[in-house]
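Visitor: Before I ask anything, let me first share the structure, which is written out below as structure tokens.
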Amino acid sequence: MDEPLLKVENVAISLRHDGRSMVAGVSFAVNEREVFGIVGESGSGKTLLTRTLFGLHDDAFLSRGSVTFAGETVPLSGYAAAMRKRLGHAIGFVLQDPFSSLNPTMRVGKQITEAIYLAKGWPMGAERTKEAAMALMSEVGIPEPKLAFDQFPDQFSGGMRQRIVFAIALSQEPKLLVADEPTTALDAITQRRVIDLILDRSRRHKLAVILISHNLELLRQSVDRIAVLYGGQLLNIVTAGEIGTRTIHPYAEALFACIPARDKRLADVRAIPGEPVAAGAARIGCAFASRCSFAEAVCREAPLPVNPGAAATFSACLLGRGVH
Amino acid sequence: MASPEPLVDLAGISKSFARRFLVQNRTFRLRDIDISIGRGEVVGLLGESGSGKSTVANIITRLTGFDGGRYHYRGRDVSTLTRKESFAFKSDVQIVFQDPYGSLNPRATVRSSVMESLLLHKPGLSRRERITRANRLLEEVGLNPERGDHYPHEFSGGQRQRIAIARALAVEPELLVCDEPLSSLDVSIQAQILELFVRMIRERHLTIVFISHDVNVVRLICDRVYIMNDGRIVENGPAQDVLSNPQNEYTARLLEAVY
């Protein structure tokens, strides 16, 4: 197997103002062309992890570990700045809220051409840049790009705005697209279209994608592998096909049992007792131990295993559940 | 299951109002809403945001009026209710909102929130009886009554939704209208509250209007479903039939998009 596009090894993330460790022991690798999912409930640390990994978090920093992107190891000192240089070039980032990621006072065409200028430089010329922008707009499924080019963001629906954000992210021809809950603000029908758009683009342009979501069922149907975060810990990395068919980490299993997926009966939907724990609480052992039906003394006492060498699949279960 | 006379009977309801859409106002029209709900039924109102389903909920609970059509509750035209009857209607019809934080008074302990609705609607009870009942209700929805002295902000979203449900149940309503009661909750908590609803339906024989954009939840708990799109009801029928074999083009599209 070739070197992965992104390799994250034993990474820990701490808050700047008090040094508190929020996320620890996270290792995973994303291969070229792969669609990789990260799932977690609110407070699991999924947004903190990805934002800090890609240099977008001002209040948190990488306190330990190593990150390699496209064969280059990004040094921990000056990490955020080094990562931000790759953002908008090799890495595209799409945020949850399409309302706040566009400039409301600038015509959308201008916002896309600006991104193209930044990626490819001025020598392209105004005409060709405009053509490239309109080609991108039709590629992401914006009807009548000629008309849309001169409109402002508020004249588009949420789904269309998210497509514009995609057009901007894709204008850089990134190797990796990171999408943090890109469809949470959207309706079901629009959500499906936007996800399909990402998957289609990934397939045709050999684009690797990290898709972050709270919806395990959406990820199961869309991505190749899924990393499961809980309380700031990486508990499981599974292939989508393993979910529901093989023994996986107890939390991942319980999370899947919660979802009223389309083919489930009421008796098959089982809640997890208790409340999710938030990242950042000082803890020894497994964050899920307090709600886990399998938990034993060791789960609260032993240090959690770290995914060695960022292996393709991994279970952090101290009882060995889901370890293959 | 449905008694011959429906509990809720909306016929040809229409309403138009200006809704702020980004920077400009647009007229939103609710048209030809016919909904009939029998006693003890669990009825889903399914649609995407902006389809008008919350407006229908507000009409059923009389939180808002309507322009045309008629609304009969227990066979009575609600526009002809006397003051006293209107008050009885309010304790008969309770609502649970999406955001449990917004629906609880932040300056009242959760027990006193539950007791307040008992005071209003069950004036015969002594203070001691109200405390006992409030504690029993908190327990019924899965909360430790000892935490009744705490304030809403000390509870998680799921717990707050339990409190809102306890408060609605306090007055022993006939009809419970739930407007997206799961949408602001985490996945694992959604399943907990869903279990609570299922238990409530079984034990209390409530009539429930369940408003949701989540096809799968509606499929699991509702007897019948109305599908709304752009201010109209596009399809209705038994939930199992409609959601497995949709006749309307919009319903089919919606179902196809569901994960």
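Just so it is clear, none of the values below were taken in a lab; they were calculated from the coordinates. Everything numeric in this text was worked out from a predicted model, so none of it was measured. When we count neighbours, we look across all protein chains shown, and the Cβ atoms used for this are built from the backbone with ideal geometry, even at glycine.
Visitor: Going by the conditions given, is A:Leu186 within 11 Å of another protein chain (Cβ to nearest Cβ), assigned to a loop (DSSP other than H, G, I, E, B), within 30 Å of B:Gly47 (Cα to Cα) and of a type in the set (A, V, I, L, M, F, W, C)?
Guide: The answer is yes for A:Leu186.
Visitor: Could you list all residues from segment A:141-181 that are within 20 Å of A:Leu53 (Cβ to Cβ) and more than 14 Å from chain B (Cβ to nearest Cβ)?
Guide: Initially, segment A:141-181 is screened for residues within 20 Å of A:Leu53 (Cβ to Cβ), giving A:165, A:169, A:172, A:174-181.
Correct list: A:Val165, A:Ala169, A:Gln172, A:Pro174, A:Lys175, A:Leu176, A:Leu177, A:Val178, A:Ala179, A:Asp180.
Visitor: Taking the options B:Tyr101, B:Tyr151, B:Tyr73, name whichever one is closer than 30 Å to B:Ser183 by Cβ and crowded, with 18+ Cβ neighbours inside 10 Å.
Guide: Numbers: B:Tyr101 fails: crowded, with 18+ Cβ neighbours inside 10 Å; B:Tyr151 fails: crowded, with 18+ Cβ neighbours inside 10 Å.
From the options B:Tyr101, B:Tyr151, B:Tyr73, the qualifying one is B:Tyr73.
This table checks each residue for (1) part of a loop (DSSP other than H, G, I, E, B); (2) within 12 Å of chain B (Cβ to nearest Cβ).
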site	(1), (2)
A:Gln221	no, yes
A:Ala227	no, no
A:Thr247	yes, no
A:Pro260	yes, yes
A:Ile272	yes, yes
A:Glu275	yes, yes
A:Ala278	yes, yes
A:Ala281	yes, no
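Visitor: What number goes with the only condition from (1) farther than 27 Å from B:Val171 by Cβ; (2) touching a Phe, Trp or Tyr at 6+ places or on another chain (Cβ under 7 Å); (3) among the small types (Gly, Ala, Ser) that B:Gly44 does not pass?
Guide: B:Gly44 satisfies every listed condition except (1).
Visitor: Sort out which residues of segment B:24-52 are in contact with a Ser or Thr (Cβ under 8 Å, 6 or more places away or on another chain) and of a type in the set (Lys, Arg), and write them in order of number.
Guide: B:Arg29, B:Arg31, B:Arg39 - these are the residues of segment B:24-52 that are in contact with a Ser or Thr (Cβ under 8 Å, 6 or more places away or on another chain) and of a type in the set (Lys, Arg).
Visitor: Taking the condition more than 10 Å from chain B (Cβ to nearest Cβ), crowded, with 20+ Cβ neighbours inside 10 Å and in contact with a helix residue (DSSP H, G or I) (Cβ under 6 Å, 6 or more places away or on another chain), does A:Val238 pass?
Guide: On the way: more than 10 Å from chain B (Cβ to nearest Cβ): yes; crowded, with 20+ Cβ neighbours inside 10 Å: yes; in contact with a helix residue (DSSP H, G or I) (Cβ under 6 Å, 6 or more places away or on another chain): no.
No, not satisfied.
Visitor: Turning to a different aspect of this structure: Out of A:Arg321, A:Arg300, report the one residue that is more than 8 Å from chain B (Cβ to nearest Cβ), touching a strand residue (DSSP E or B) at 6+ places or on another chain (Cβ under 9 Å) and of a type outside the set (S, T, N, Q). Show your work before the answer.
Guide: Numbers: A:Arg300 fails: touching a strand residue (DSSP E or B) at 6+ places or on another chain (Cβ under 9 Å).
Of A:Arg321, A:Arg300, the one residue that is more than 8 Å from chain B (Cβ to nearest Cβ), touching a strand residue (DSSP E or B) at 6+ places or on another chain (Cβ under 9 Å) and of a type outside the set (S, T, N, Q) is A:Arg321.
Visitor: Given the criteria more than 16 Å from the chain's Cα centre (by Cα) and either among the β-branched types (Val, Ile, Thr) or within 23 Å of A:Glu253 (Cα to Cα) (or both), does A:Ala29 qualify? Spell out the reasoning first.
Guide: On the way: more than 16 Å from the chain's Cα centre (by Cα): no; either among the β-branched types (Val, Ile, Thr) or within 23 Å of A:Glu253 (Cα to Cα) (or both): yes.
In short, no.
Visitor: Shifting gears a bit: Being over 30 Å from B:Cys222 (Cβ atoms) and not acidic (Asp, Glu) narrows it down to one of A:Ala257, A:Ala295, A:Ala261, so name that one. Explain how you work it out, then say what you get.
Guide: Working: A:Ala257 fails: over 30 Å from B:Cys222 (Cβ atoms); A:Ala261 fails: over 30 Å from B:Cys222 (Cβ atoms).
Only one candidate qualifies: A:Ala295.
Visitor: For the list (1) surrounded by fewer than 22 Cβ atoms within 10 Å (Cβ to Cβ); (2) within 14 Å of the chain's Cα centre (by Cα); (3) more than 24 Å from A:Ile13 (Cα to Cα), I need the number of the one condition that A:Ile195 fails.
Guide: (1)
Visitor: Can you pull out the helices (runs of 4 or more DSSP H) entirely within segment B:139-240 that have at least 3 residues that are touching a Phe, Trp or Tyr at 6+ places or on another chain (Cβ under 9 Å) and away from chain A (no Cβ under 11 Å)? So that I can check it myself, show each step before the final result.
Guide: Values: elements: B:157-169, B:187-204, B:215-221.
Per the criteria, B:157-169.
Visitor: Give me a count of the residues in segment A:283-297 that are more than 13 Å from chain B (Cβ to nearest Cβ), without any contact (Cβ under 8 Å) to a residue 40 or more places away in the chain and not aliphatic (A, V, I, L, M).
Guide: Looking only at that region, the number is 2.
Visitor: Tell me, please, whether a residue that is over 16 Å from B:Glu5 (Cβ atoms), buried (at least 21 other Cβ atoms within 10 Å of the Cβ), touching an Asp or Glu at 6+ places or on another chain (Cβ under 9 Å) and not β-branched (Val, Ile, Thr) can be found in segment B:57-70. Before you say what the answer is, go through the steps one by one.
Guide: Going residue by residue through segment B:57-70, those that are over 16 Å from B:Glu5 (Cβ atoms) are B:57-69.
Those left that are additionally buried (at least 21 other Cβ atoms within 10 Å of the Cβ): B:57, B:59-60, B:66.
Those left that are additionally touching an Asp or Glu at 6+ places or on another chain (Cβ under 9 Å): B:57.
If we keep only those that are not β-branched (Val, Ile, Thr) as well, we get B:57.
Among the residues of segment B:57-70, at least one is over 16 Å from B:Glu5 (Cβ atoms), buried (at least 21 other Cβ atoms within 10 Å of the Cβ), touching an Asp or Glu at 6+ places or on another chain (Cβ under 9 Å) and not β-branched (Val, Ile, Thr), which makes the answer yes.
Visitor: Which ranges mark the helices (runs of 4 or more DSSP H) fully within segment B:11-125 that have 1 or more residues being more than 30 Å from B:Ser156 (Cβ to Cβ)? Spell out how you get there, then give the answer.
Guide: Working: elements: B:53-60, B:83-92, B:110-121.
In segment B:11-125, the matching helices (runs of 4 or more DSSP H) lie at B:53-60, B:83-92.
Visitor: State which residue is nearest to the other protein chains (Cβ to nearest Cβ) when the search covers only segment A:3-48 and only residues that are within 13 Å of A:Leu234 (Cα to Cα) and of a type in the set (Asp, Glu).
Guide: A:Glu41
Visitor: A further question on this structure: Would you be able to tell me the number of residues in segment A:261-281 that are surrounded by fewer than 17 Cβ atoms within 10 Å (Cβ to Cβ) and touching a residue at least 40 places away in the same chain (Cβ under 8 Å)?
Guide: Total satisfying the criteria: 2.
Visitor: How about segment A:288-316: which of its residues are among the aromatic types (Phe, Trp, Tyr) and in a loop (DSSP other than H, G, I, E, B)?
Guide: Step one: list which residues in segment A:288-316 are among the aromatic types (Phe, Trp, Tyr), which gives A:288, A:294, A:314.
Residue satisfying the conditions is A:Phe294 alone.
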